[in-house]
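Derivation of every value follows stated rules applied to the coordinates shown; laboratory data play no part. All figures in this text were calculated on a predicted structure; none of them were measured in a lab. Quick reminder, even Gly has a Cβ in these numbers, built from the backbone with ideal geometry, and neighbours come from all protein chains shown.
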């Protein structure tokens, strides 16, 4: 499998970050902050917390860039995994403490928004296309698969929690999520 230009550039940035090049973090941030922020905001539904978690993600990248292994996935997948895990950690910490903070007044706004920055029309268009493709792939799933995937990936529920919540055997939850993810991969292959 040939490495495309975008992952190659990301690999080079991660190598530079591992060598403590702070300008590489800025470049990586410019390339991926919108996507990561959208994912984090979709999970948290709070702009302030999403911005905080985004900063935590890039701090984590700075600290762990040397541990990135290209054999385990693309740089983008690694970044998304860090962002998703940090956002889910924040959701879980919310559950464990009393509610004292309010969420955004505009909680019904579209889940994919970008942090305030100079807009890049081409990049924004690519992001919208990716978001539409993801929504389209989700819509192609069975309702059972879609619900479980959304609850796991966007709300941070574990598979065991979902099994309990929906009174399903754990194996059934795992199978539905796995088959749903395989189906989505098929629908999203055109994105690379």
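Order these by the 10 Å Cβ neighbour count, fewest first: 49, 129, 15.
Details: 49 20, 129 11, 15 14.
Lowest count first: 129, 15, 49.
Within a 10 angstrom radius of the beta carbon, how do 40, 177 rank from fewest other beta carbons to most?
Ascending Cβ contact count within 10 Å gives the list 177, 40.
Please report Rg over Rh for region 7-79, where both radii come from the alpha carbon positions and Rh follows the Kirkwood definition. Numbers along the way, then the final one.
Working: Rg = 12.1 Å, Rh = 12.5 Å.
With Rh from the inverse mean 1/r over Cα pairs, Rg/Rh is 0.97.
By counting other Cβ atoms within 10 Å of each Cβ, how are 166, 68 ranked from fewest to most?
Working: 166 15, 68 19.
Result, fewest neighbours first: 166, 68.
Tell me whether region 120-192 comes out rounded, prolate or oblate; compute the Cα gyration tensor, take square roots of the eigenvalues as a ≥ b ≥ c, and use a/c under 1.5 as the rounded threshold. Could the numbers behind the result be given before it?
Numbers: a/c = 3.25, a/b = 2.15, b/c = 1.51.
Note, shape of region 120-192 comes out prolate.
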